[in-house]
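Visitor: Can you keep this structure in mind? I'll have questions shortly.
Just so it is clear, none of the values below were taken in a lab; they were calculated from the coordinates. The model shown is predicted, which means the values in this text are computed figures rather than measured ones. Glycine also receives a Cβ, built like all others from the backbone with ideal geometry; neighbour counts cover every protein chain displayed.
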Amino acid sequence: MAKVKLYNQEGKEVGDLELNDKVFGVKAKSSVLYQVYNAIMANAREPWAHTKNKGEVRGGGRKPWKQKGTGRARHGSIRSPLWVGGGVTFGPLNVRNYKQKINKKMNQTAVRMCLTDKAKNGLLVVLEDLQSDGKTSGMSKLRKSLPGFGKTTLLLAHVNDEKVNLATRNIKRFDMQQAKDVNVVDLLHHQFVITTKKGIEQLEKRLAK
């Protein structure tokens, strides 16, 4: 059974915590991580770019000049894609759908793989408990005393604590997320993960199925 070091709120090591191998002892498969990561990123994508084709551009109702006799190339409308200010051929549209389906089982497996990697490489930091008065100074002091200071860090809270949120949001490279909502993108975009014993319990309850 995997183990991680347990710290108190002063940042001092106070023992070890055993982890559930169903969540923190999973063999990694890069193909699964790649597929789930790309699907989540695609589902967050919004198609803002939009172009108009020849039929949507305003104007160009009459023929610019007669068909024959001018010596110039024949044209039927100044809104042709050949003209400056004309329509766009095969341009991006805001109705495009980038959504990809994610299998729930695969999604959970990918999260387990990321958590296993964090625990295996000493990138998972577990606290006995976490209390905050809402001030950045206290949280910053705690972060400095824990492993990985200065690295991108994700704090996984077991509840949405407004004071903890206030204390963390002004610390660089330090983000907060609820353990029940964490996904592959959150874990891959942060080098270190900090949570509490209750956060571990919530992760194991969610993923050890």
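Visitor: If we scan the range 68-91, do we find a residue that is charged (D, E, K, R), in contact with a Pro (Cβ under 6 Å, 6 or more places away or on another chain) and farther than 30 Å from LYS144 by Cβ?
Guide: Checking the range 68-91: not a single residue is charged (D, E, K, R), in contact with a Pro (Cβ under 6 Å, 6 or more places away or on another chain) and farther than 30 Å from LYS144 by Cβ.
Visitor: Of all residues in the range 29-64, count the ones that are under 15 Å from ASP117 (Cα atoms) and surrounded by 14 or more Cβ atoms within 10 Å (Cβ to Cβ).
Guide: 2
Visitor: Applying the selection to the range 155-199, what residues are basic (Lys, Arg) and part of a loop (DSSP other than H, G, I, E, B)?
Guide: Across the range 155-199, the qualifying residues are ARG169, LYS172, ARG173, LYS180.
Visitor: Do the conditions hold for ALA73, that is, is it in a helix (DSSP H, G or I) and out of contact with any His (no Cβ under 8 Å at 6 or more places or on another chain)?
Guide: No; evaluated as a whole, the condition is false for this residue.
Visitor: Another one. Tally time: how many residues in the range 120-138 are within 30 Å of ALA2 (Cα to Cα) and polar (S, T, N, Q)?
Guide: Of the residues in the range 120-138, 3 are within 30 Å of ALA2 (Cα to Cα) and polar (S, T, N, Q).
Visitor: I'd like to check something: does the range 4-21 contain any residue that is in a helix (DSSP H, G or I) and within 22 Å of VAL193 (Cβ to Cβ)?
Guide: Yes: one or more hits.
Visitor: Does LYS99 satisfy being within 22 Å of GLN202 (Cα to Cα) and basic (Lys, Arg)?
Guide: Against the criterion (within 22 Å of GLN202 (Cα to Cα) and basic (Lys, Arg)), LYS99 does not qualify.
Visitor: Next question, about the same structure. Being basic (Lys, Arg) and closer than 17 Å to LEU17 by Cβ narrows it down to one of LYS118, LYS135, LYS163, LYS180, so name that one.
Guide: Residue meeting the stated conditions: LYS118.
Visitor: Which of the residues belonging to the range 77-115 are in contact with a helix residue (DSSP H, G or I) (Cβ under 8 Å, 6 or more places away or on another chain) and part of a helix (DSSP H, G or I)?
Guide: MET106, ASN107, GLN108, THR109, ALA110, VAL111, ARG112, MET113, CYS114, LEU115
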